[in-house]
Amino acid sequence: MTAITEFVSYQAEGSVGVVTINNPPVNALSVGVRVGIKGGIEAANADASVTSVVIVCAGRTFIAGADIKEFGKPPQSPSLHEVIGAIETSSKPVVAAIHGTALGGGLETALGCHYRVADKGAKVGLPEVKLGILPGAGGTQRLPRVVGVPMALQMITSGTPIGAKKALEVGLIDEIAGDDLKASAMAFAQKVVDENRPLVKISDRDDKLQEARDNPAMFDEFRKSIARKTRNFEAPENCIKAVQASVDLPFPEGIKRERELFMELMTGEQSISQRYFFFAERQAAKIPDVPKNTPLIDINSAGIIGAGTMGGGIAMNFLQAGIPVKMVETSQEGLDKGIEIIRTNYAATVSKGRMSQDAMDKCMSILSGTINLEDIKDVDIVIEAIFENMEVKKEIFGKLDKICKPGAILATNTSTLDIDEIGEATSRPESVIGLHFFSPANVMKLLEEVRTKKTSKTVMASCMALAKRIGKIPAMVGVCEGFVGNRILHRRSEQSTNLIMEGALPQDVDRVLFDFGLPMGPFAMSDLAGNDVGWRIRQGKGTTSPIADAICELGRFGQKTGSGYYLYKDGSRTPTPDPIVEDIVLKASKDAGIERREISDDEILKRCIYPMINEGAKILEEGIASRPSDIDVIWVYGYGWPIYRGGPMRYADSIGLENVYNTLLEYQEKFGDEFKPAPLLERLVKEGKTFAEA
Ligand code: 3HC
C-alpha cells in the first residue's frame, strides 16, 4: 500500500486500483484528502497493472462533505473541482464505494465517478443548504443531470438525504452492494472493464434536463411550494437559481454560475451564522468539566411519572428509541387516558404515512402503565412530569429515593422549581437532574438539562448520551429561575407587555418579531399556549398584568377558546386582530396614566431582543450556561430563533456588542434599570471583544 498523503493511500488489488480515504471521524475533504484523491487517481492511471479504480473510505462513513473548518480560510490547492475533474477525466473507469453518508462534497465526488456502488444502509444527499450555502463543487449541475430537475430541486433545497434503495431507483447509484462493499465495488469495476461499458461523464449528460426545458414554469411553481418553509432564508433561492443554470447553460457555464451563487452565500451573514451553529450544536453536547471518558449508566428502561400531555410526549421519545417505558399515574382512569392519547397520536402519524403500523405496534408493545409507584423500582431512569408544586415533587422524590434501585437517574421535568431543593429531598442528590423537555415533547428538539450543585458527572454524561439516543439536542445549564430558556423569554415578555402599554398593539409587536424570523410573536404564542396559564400563576402569586388579566377575564384564553389577543374565526389557527383587544389595550394605558406614542418597528425589535441578550450575558457571568453558543442552541431549538441569525448571542456578535450596549444605556436612561447593561457586556465592549471571544 502506498500512502499518497496522511489521509489517502493507493493499492493495486489485482487489476483494480483502490484509493482508500481515512480521515476520521467523517472523512471530510480537507486539503490532505483532496491532494490524496487526486494523487490516487493519477497513480492508478499510471499503474499499468490496473484497468479500473475504486474509491472507498475507511471508518464509519464515506466522505461526509467539504471540511467545514476550512471555510472562510484562504483556499488551498487542489480545489474540489480539480479533484472531481481528475476523477471524471480518468482514462480508467472510477467507481465510488459508498457506505454511511455521502454528503455534500462527498456526493459531489461520487458524482464525478463514472459509477457508484453503495452499501444497503448508505444515504446520499446535498445538505449544504443547512449551512446556508449551496453545493459548490458541481452538485447543482450534476445532480439534475442524473435524477432530473424536480427531484434535484427537492434534494438540494431541503438538504435531506435519500437512502440507497431510493438512490438506486432514481439512478443516482448503479448497484447496491452485498455484505462486502469493497469487494462488490471491485467486482462492479471489473464488470465495467469486461463489458467495455462507457466511462459515463455526468457532465456530458443532457437527457434528464429536457423536462425542465419544456416546462420552465416548474421553477416558479417550485419556489412557491417551498416559500413558507424557507421564509427569509437566502440559500434556497440561490440553490434554485443554480439548478436553473444547469438547464439554461452549457455545463462549464453552469459551473461558473454555481460558483458565483455559492460565493454570494458563503460570504453572507446567514451562512456564517448557520456554520457557526453547526459547531455550536455539537459543542453543546460536551460539558466542559465532564471528561469524555466518564463512565455511563446503561439506560434500558424508563419510568415516567405523570401521564399528562408532557409525560406522554416524553414517553414517546423513549418508545421510538426502543427504550421500554412504564407510565405512573395516581388513578387508573388517568393512566388509561394518558396511554390512549399516546396511541391516538401514533395512529395519526401512521395515517399520515409518517410511521409504519409495524413501528407503532413496536412502540406500543414496550409501553406499560401502573398506579403503583413501587412498580418502577427497577427502571434505569425516572422522569417526573407532574404539575409544578414543590411540596408534591419533594414528596415524590423522597419516595423514589426509597423505591428506586441504587444508581438510577432521578430526573424532573420542572421548568420553574429549584432542583437543588428537590435533590435534597433524597439521600442521593447526586442522582438528581433536571430534564426540561419542551412542548410538544415528542416534537421539539431541545432538551435543556439542568445540573444541580450535586449532580454527578456520571449522571450528566449519561443524560447527554441519552439525549442523542432519543433524538434530542441537549444543552446543560445550572439552576436559576426559568433556567436559561425561560429566563431569557421572560425579559422579552416584559418588554412586549410594556410596548403595548406605551403605544404599540399586539399585532405590531408580533409582526416585527415574525419578520425578524421567529415562528410567531409573543402574543400569538401566548394565544397558542393558553393565556389562562399565566393568569393562574399571577393569581397564585397575587400579581397582576392589566391587559393580560382583562383578556382572560373575558374568557379569551387563546386559540382553544377561539379568541385571545386575536380572534380565531371558525376554528382557524390564523390570528385576526380584534378591535375589542385594541380597546382593552387603550384603556389599560389610560388607566395607568400613560400617554400613548408612536413606536417604531426598530424600537420594538431592540426593546424585545436587547434585554434578552443582556440576560444571556448575566447567565454567562453567573456560570448558569458554560458558553454563549449553548444559549444559542437553546433558543434555536427551544423557541424557534431563526438559525440564520445564529441565536441571540451570535446575533449580538454579528450586529456589534457596542451597538447593543449603547442602546441599552439609552433605554436605561429613558425607561429604567431593567435595561442596565450586564457587567460582562460592558467589559467585552471595553475590551473590543465578542461573546464568542469572551
Ligand atoms: N467538516 C468538518 N467537521 C465535520 C464535518 C465536516 N463536513 N462533518 C462532521 N464534522 C465533525 C463534527 O463537527 C464532529 O466533530 P466533534 O466530534 O469534534 O464534535 C464530528 O465530525 C462528528 O460529527 P457528528 O457529531 O455530527 O457525527 P454523527 O455521526 O452524528 O453525524 C454526519 C455524522 C451525518 C456526517 C454529520 O456530521 C453531518 O451531517 N455532517 C455535515 C455534513 C455536511 O453538511 N456536509 C456538507 C459540507 S459543505 C460541502 O460539502 C460544500 C461542498 O459543496 C463544496
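Coordinate-derived values only; no laboratory data. For clarity, every value in this text was computed on a predicted model and none was experimentally measured. Reconstructed Cβ throughout: ideal geometry from the backbone, glycine too, with neighbour counts over all protein chains shown.
What the Cα convex hull of the range 264-379 gives, in volume per residue, is 176 Å³. What you get for the chain, charging only the Cβ of Lys and Arg (+1) and of Asp and Glu (-1), is a dipole of about 940 debye around the Cα centre. Scaling the Cα radius of gyration of the chain by the globular reference 2.2 N^0.38 Å produces a ratio of 1.07. Of the peptides 179-187, 118-126, the ranking by mean beta-carbon count within 10 Å, highest at the top, reads 118-126, 179-187.
Just subtract the alpha-carbon distance of Gln76 and Lys166 from 0.36 nm times their residue separation and send over the number in nm, one decimal.
Result: 28.9 nm gained on full extension.
Cross-linked pairs Lys123/Lys377; Lys405/Lys454; Lys399/Lys541; Lys123/Lys362: Cα-Cα separations exceed 30 Å for Lys123/Lys377. For the range 137-216, the gyration tensor built on C-alpha atoms gives an oblate shape. Its axis ratio a/c (a ≥ b ≥ c) is at least 1.5, and a/b is not larger than b/c. Which of the three applies to the range 104-257, rounded, prolate or oblate, going by the alpha-carbon gyration tensor with a ≥ b ≥ c and a/c under 1.5 meaning rounded? Prolate, because a/c is 1.5 or more and a/b exceeds b/c. When the pairs Lys166/Lys445; Lys120/Lys224; Lys165/Lys472; Lys92/Lys130 are compared against a 30 Å limit on Cα-Cα distance, Lys120/Lys224; Lys92/Lys130 fall above it.
Of all DSSP bridge pairs formed entirely within the range 58-208, close to 20 percent run antiparallel. Computed from backbone phi, the HN-Hα couplings of the range 316-327 come to 4, 4, 5, 4, 5, 8, x, 9, x, 10, 10, 8 Hz, rounded to whole numbers (Karplus: 6.51 cos²θ - 1.76 cosθ + 1.60, θ = phi - 60°; Gly and Pro given as x). Ordering 657-668, 23-34 by mean Cβ neighbour count within 10 Å, with the highest value first, yields 23-34, 657-668. Helix 269-284 and the longest principal axis of the Cα set of the chain meet at an angle near 80°.
Estimated from helical segments only, the mean residue ellipticity of the chain at 222 nm is -15000 deg cm²/dmol, where each DSSP H run of four or more residues counts as -39500 (n - 2.57). Amide H contacts of Lys689 (H built 1.01 Å from N, in plane; Pro and chain starts excluded): no residue 5 or more places away or on another chain comes under 5 Å.
Across the range 360-370, coupling constants 3J(HN,Hα) worked out from phi with the 6.51/-1.76/1.60 Karplus curve, θ = phi - 60°, read 4, 4, 5, 4, 5, 6, 9, 9, 9, x, 7 Hz, and Gly and Pro carry x. Only residues of the range 148-166 count here: report those whose backbone N is under 20 Å from the spot 7 Å along Cα→Cβ of Arg213, or say none. Taking a point 7 Å out along Cα→Cβ of Arg213, the residues of the range 148-166 whose backbone N falls under 20 Å are 148-153.
Each part reduced to its alpha carbon centroid, the range 513-555 and the range 622-694 end up 25 Å apart. Applying 1/(1 + (r/R0)^6) with R0 = 35 Å to the Cβ-Cβ distance of Glu430 and Asp601 gives a FRET efficiency near 0.10. Near the amide H of Asp418, within less than 5 Å, lie no amide hydrogens of residues on another chain or at least 5 residues away, with H placed in the peptide plane.
The angle separating the long axis of helix 181-194 from the principal Cα axis of greatest extent in the chain is about 40 degrees. Return the FRET efficiency for the residue pair Asn196, Glu693: r is the Cβ-Cβ distance, R0 is 56 Å, and the value is rounded to the nearest 0.05. Computed FRET efficiency for Asn196 and Glu693: 0.40.
In the range 2-266, the DSSP beta bridges split such that about 35 percent are antiparallel, to the nearest 5. For Trp641, the residues whose amide H sits under 5 Å from its own are Val636, ignoring neighbours fewer than 5 places away on the same chain, with H placed 1.01 Å from N. A straight chain from Thr330 to Glu374 at 0.36 nm per residue would run longer than the Cα-Cα distance by 14.6 nm.
The antiparallel fraction among DSSP beta bridges confined to the chain stands at about 30%.
In straight-distance terms, cross-link reach from Lys587 covers every one of the aspartates and glutamates whose alpha-carbon lies under 20 Å from its own, apart from those fewer than eight places away in the same chain; here that gives Glu494, Glu502, Asp508, Asp549, Glu553, Asp578, Glu595, Glu598.
Taken over the Cα atoms of the range 529-591, the convex hull encloses 72 Å³ per residue. Computed over the Cα atoms of the range 302-482, the ratio of the radius of gyration to the Kirkwood radius (Rg/Rh) comes to 0.95. Coupling constants for the range 10-21 follow from the phi torsions by the Karplus curve (6.51 cos²θ - 1.76 cosθ + 1.60, θ = phi - 60°), and in residue order they are 10, 8, 7, 10, x, 9, 10, x, 9, 9, 10, 9 Hz; glycine and proline get x.
Distance between the pseudo-spin-label points of Ser365 and Ile537 (7 Å out from Cα toward the beta carbon): 4.2 nm.
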